[in-house]
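Below: the structure, in structure tokens.
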Amino acid sequence: GAGVSQSPSNKVTEKGKDVELRCDPISGHTALYWYRQSLGQGLEFLIYFQGNSAPDKSGLPSDRFSAERTGGSVSTLTIQRTQQEDSAVYLCASSFQRGETDTQYFGPGTRLTVL
Amino acid sequence: AQSVSQHNHHVILSEAASLELGCNYSYGGTVNLFWYVQYPGQHLQLLLKYFSGDPLVKGIKGFEAEFIKSKFSFNLRKPSVQWSDTAEYFCAVNRMYSGGGADGLTFGKGTHLIIQP
């Protein structure tokens with residue numbers, strides 16, 4: 001079956017513009033996660049969805065970042081008024097979350113460059 | 001807050017050498033432990049995981065890891081590395097919610113492993 005997919009694979013934008021990043025999780029996976037990978041900070045957790053609700057938004061770095069998930073499937077991460085420090089690879093992961101065990105499967109990421 | 005430390009940021013080995021990458025975590029509760037690998041130009045892939053039971057877990061491509069609870073460690077090992085093991089290796093931890101499900105992963109900074117032929 002298909003893995004986690006993300007689009008676009010690359011995004012170049014100008015400082016101050018808004019961007020939307022999309023994630024399609026593995027079919028049937030109820031949990032969805034967003035992470036950010038940058039040279040300076042490594043891999044950082046941003047937000048977690050269980051179904052369409054986000055019980056943990058603790059990793060969002062500022063109020064310019066938001067995310068939503070609809071239909072328990074696709075999720076979009078929105079960054080408003082982008083800054084150069086937002087440049088990073090944004091990764092999405094999904095998991096089945098049944099029982100006591102859980103494994104997150106990662107997508108290929110969206111490389112965001114803010115000029 | 002939980003944290004993960006990977007002691008070696010860059011490791012260079014010759015083929016057939018043995019490998020051990022250190023990982024320590026800081027968290028007092030029950031955790032799940034993972035090693036992920038990122039080959040050049042590819043996305044993160046799961047190498048192995050520990051949830052409970054036998055503390056010695058075996059993963060793909062001949063890798064294994066041992067969970068030592070008293071040391072808060074989850075070191076990755078491979079007896080004989082190959083050139084194709086050149087990659088970035090990440091240790092990660094999360095915890096289960098009491099009602100089911102798990103929170104986001106906390107990753108170490110990664111270890112860049114280079115295997116020389």
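Inter-chain Cβ neighbour count for A:29-42, averaged per residue, equals 2 (cutoff 10 Å, partner chain atoms only).
Name the shape class, rounded, prolate or oblate, that the alpha-carbon gyration tensor gives for region A:59-115, where a ≥ b ≥ c are the square roots of its eigenvalues, rounded holds for a/c under 1.5, and otherwise prolate holds if a/b is larger than b/c and oblate otherwise.
Working: a/c = 2.47, a/b = 1.92, b/c = 1.29.
Cα axes put region A:59-115 in the prolate bin.
For the pair region A:1-76 and region B:59-85, the centres of their Cα atoms are 30 angstrom apart. Mean per-residue shielding of peptide B:103-110 is 6, counting Cβ atoms of other chains within 10 Å of each Cβ.
Can you tell me the equivalent ellipsoid semi-axes for chain B? Use √(5λ) from the Cα gyration tensor, largest first, whole Å. Spell out each step's value before the answer.
Numbers: eigenvalues 124, 39, 33 Å².
Calculated on Cα positions only, the semi-axes equal 25, 14, 13 Å.
Projecting label points 7 angstrom from Cα along Cα→Cβ for B:L56 and B:S84 puts them 2.5 nm apart.
Tally up the carbon and sulfur contribution to the accessible surface of chain A as a whole percent, 1.4 Å probe, everything protein left in place.
Details: 2530 of 5480 Å².
The value for chain A is 46 percent carbon and sulfur by accessible area.
Show log10 I(q)/I(0) for the protein assembly as shown at q = 0.07, 0.08, 0.17 Å⁻¹, two decimals, from a solvent-free Debye sum over equal Cα scatterers. Relative scattering, expressed as log10 I(q)/I(0), comes to -0.22, -0.29, -1.27.
When peptides B:104-117, A:10-23, B:61-74 are ranked by their average number of other Cβ atoms within 10 Å per residue, the highest-first order is B:104-117, B:61-74, A:10-23.
The values are calculated or read from the model by the stated rules, or taken from the named source; none is laboratory data. Given the structure is predicted, the values throughout are model-derived calculations rather than measurements. Cβ sites come from the backbone with ideal geometry, for glycine too, and all protein chains shown count toward neighbours. Accessible surface is based on the protein model in full, side chains and every heavy atom, while ligands, DNA and RNA are left aside. Shrake-Rupley method; radii C 1.70, N 1.55, O 1.52, S 1.80 Å.
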